[in-house]
Amino acid sequence: MTTANLETIQKRYESIKTTDLSEIDTQILLVEPILQLAGWDLYNPSFIKRASRSKSKPSFDLEAYEYRDESETVFLAIECKSLNSREFNYRKLPSKRGVGKLTQKQHKDLSIYWANDDKDGIGQLRAYCLRYSQFSEEDSRALLTNGEEWLLFNNEMFLAEGSLENKITDDAIKEHAKLIDDDFEKRIIEQIRVRR
């Protein structure tokens, strides 16, 4: 069943890959169908939370929760970028400037937080993971996607305290696969499959 459904999504991707899609269109047409294949109940608001799109309270585009010891823990935090977005900047990893660097900033209440550079999707995801109290370095997973390419991060390297001001390297990526890869189901879908 999964293979037939995955092929349908792959065909959809092939038919829209040159289309100028928004982030939300990419999320609905490519990302959420993959999540359904992984067993996500997209219509259960106690399990799935979508971004409010509020500039005053930035959050992950999608979060899946699980409950441990009666507290909510993010199982998977997803940052979606549009299919042809420059903010999906995986290819800039080896560049001299690199991506994912964070800087410390101060809120009006004098609390300190980590912030990313503009147009850096990897840095944005990294900063959200650090700011979000329900994201657990041990139990949560961070994923960046543009619908075509999917990156799962290794939290130990991605969120290492001493390296937050440095660009990330390929070592911070646990898994990288393209939607059209033959082993996409094993490399991504199985990694994000619901654990309950």
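Brief remarks on what is shown
- Among the residues of this structure, S52 does not count as one that is at pLDDT 95 or above and either open to solvent by 70 Å² or more (accessible area, probe 1.4 Å) or assigned to a loop (DSSP other than H, G, I, E, B) (or both).
- Residues satisfying the stated conditions in the stretch 133-147, i.e. assigned to a strand (DSSP E or B) and not charged (D, E, K, R): A142, L143, L144, T145
- Count of the stretch 14-29 residues which are within 14 Å of C80 (Cβ to Cβ), part of a helix (DSSP H, G or I), in contact (Cβ under 8 Å) with a residue 24 or more places away in the chain and out of contact with any Cys (no Cβ under 9 Å at 6 or more places or on another chain): 2
- Looking only at residues in the stretch 95-134 that are in contact with a helix residue (DSSP H, G or I) (Cβ under 8 Å, 6 or more places away or on another chain) and within 21 Å of H176 (Cα to Cα), the one that is modelled with the lowest pLDDT is G98.
- Residues located in the stretch 161-186, provided they are within 25 Å of S95 (Cβ to Cβ), without any contact (Cβ under 8 Å) to a residue 40 or more places away in the chain and surrounded by fewer than 17 Cβ atoms within 10 Å (Cβ to Cβ): E161, G162, S163, D171, K178, D181
- A residue that is within 26 Å of T26 (Cα to Cα), in a helix (DSSP H, G or I), open to solvent by less than 30 Å² (accessible area, probe 1.4 Å) and free of Cβ contacts under 8 Å to residues at least 40 places away in the same chain occurs somewhere in the stretch 112-124.
- Screening the candidates A172, A115 for the property of being farther than 25 Å from S22 by Cβ and more than 13 Å from the chain's Cα centre (by Cα) yields one hit, A172.
- Residue within the stretch 72-90 that is modelled with pLDDT under 85 and not in a loop (DSSP other than H, G, I, E, B) present: yes
- If you go through the stretch 3-30 and pick out every residue that is farther than 19 Å from I78 by Cβ and among the β-branched types (V, I, T), you end up with 5.
- Only one of the numbered conditions (1) acidic (D, E); (2) closer than 23 Å to K49 by Cβ; (3) open to solvent by less than 10 Å² (accessible area, probe 1.4 Å) is violated by E149, and that is (2).
- Flag if K178 is over 15 Å from the mean Cα position of the chain (by Cα) and not hydrophobic (A, V, I, L, M, F, W, C): no
The values are calculated or read from the model by the stated rules, or taken from the named source; none is laboratory data. Bear in mind the structure is a predicted one, so any value in this text is a computation, not a measurement. Neighbour counts are summed over all protein chains in view; Cβ atoms, including those assigned to glycine, are modelled from backbone coordinates with ideal geometry. In case anyone asks, the SASA skips ligands and DNA or RNA and just uses the protein heavy atoms, side chains included. Shrake-Rupley method; radii C 1.70, N 1.55, O 1.52, S 1.80 Å.
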